[in-house]
Amino acid sequence: MRTTSGRGGPFSGTGLIVAGLTATLTALVFPIWSYADRSGTGVSVLNASTVTTQYGPLSALDREFITKVRLAGLWELPAGQQAETKGTTQAVRTAGAHLIEGHTFLDARVRNVAARLGLSLPNQPNDQQRAWLDSLTAAQGESYDREFANVLRLAHGRVFSVVAQVRATTRNSLVRDLADDANTTVLDHIKVLEATGLVDYDAIARDTVSASAPPLTNSPAPPGPSVDPGSPIPVAPSPTAPPPATPSPRLTLPPAANGPADDD
């Protein structure tokens with residue numbers, strides 16, 4: 001075979017081809033190894049934020065979801081009670097009753113899950129939720145009906161996407177079951193709020209597109225067993241009775257409307 005000479009000795013044509021192929025393969029494979037070992041990749045972050053429990057791995061997103069379920073009940077329960085008395089249409093009052101029923105059930109569920117996982121839960125709504133409640137308290141008449149329908153529909157739309165993400169990715173059996181219950185409840189609330197005929201879908205769409213995702217809870221592990229947070233504050237639907245262990249029969253949705261529903 002013909003050879004070529006150069007500095008360092010002769011090289012065969014076959015040797016050059018083999019060397020070139022080896023270098024190419026190395027260049028292709030090395031970035032894969034390098035990426036898998038880098039800190040900050042999706043898998044690395046997931047593992048760093050996940051803790052082991054007897055019900056399966058518990059991720060940061062799982063813990064954030066549990067907190068969000070509790071927070072939702074802390075302001076939507078009083079909002080539902082308020083709608084039953086301040087709503088000027090039967091559709092709005094019916095939506096309020098659905099909020100009370102759904103979040104009474106979900107609050108009992110989330111408190112049970114948190115206790116079994118050793119997680120602490122909040123006892124007060126967050127700043128944004130308190131602002132929503134204050135705004136609803138100040139509104140009157142038809143303005144109240146419209147604000148109630150849109151604020152609650154916006155909030156439920158935001159949490160609906162979180163529920164779907166958690167249900168799709170969680171490896172924890174307790175969180176998976178809670179996500180199933182939350183999905184059913186949130187979808188029911190979205191439908192009953194839309195049935196008031198007062199939801200501004202264009203405004204909801206604009207807000208959803210412009211809103212940024214909230215940060216996840218970045219705790220390295222559950223904080224350990226804690227005292228039962230008790231019934232939601234500032235208002236509980238039945239102060240003298242514990243939340244039901246199972247959901248009561250679903251309330252009937254009012255008929256869909258194109259405009260504000262009227263009382264008969």
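The values are calculated or read from the model by the stated rules, or taken from the named source; none is laboratory data. The structure presented is a predicted model; accordingly, all values stated were derived computationally and were not measured. Don't worry about glycine lacking a Cβ; one is built from the backbone with ideal geometry, like all the others, and counts go over all protein chains shown. The protein model used for the area step is the full one, side chains on, heavy atoms only, and it has no ligands, DNA or RNA in it. Shrake-Rupley method; radii C 1.70, N 1.55, O 1.52, S 1.80 Å.
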Stokes-Einstein at 25 °C, 0.890 mPa s, Kirkwood radius from Cα pairs: D for segment 81-137 in µm² s⁻¹? 186
Can you give the net charge of the other residues whose Cβ lies under 15 Å from the Cβ of Val175, counting K and R as +1 and D and E as -1? +4
Dipole magnitude (debye, nearest 20) for segment 58-159, charges at Cβ of Lys, Arg, Asp, Glu: 320
Please give me the summed charge of the neighbours of Gln129: other residues whose Cβ is under 13 Å from its Cβ, Lys and Arg +1, Asp and Glu -1. +1
Note the full-extension length gain between Leu187 and Ala168 as 0.36 nm times their separation in residues minus their Cα-Cα distance, in nm to one decimal. 5.2 nm
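Express the carbon and sulfur contribution to the solvent-accessible surface of segment 42-196 as a percent, rounded to the nearest whole number, probe 1.4 angstrom.
Accessible surface attributable to carbon and sulfur in segment 42-196 totals 51 percent.
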What size of dipole, in debye to the nearest 20, comes out for segment 98-149 about its Cα centre when the only charges are +1 on Lys and Arg C-beta atoms and -1 on Asp and Glu C-beta atoms? 400
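Take the alpha carbon gyration tensor of segment 64-211, find the square roots of its eigenvalues, order them as a ≥ b ≥ c, and report rounded if a/c is under 1.5; if not, report prolate when a/b exceeds b/c, else oblate.
prolate
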If we sort 174-185, 156-167, 133-144, 195-206 on the protection proxy, mean other Cβ atoms within 10 Å, highest first, what's the order? 174-185, 156-167, 195-206, 133-144
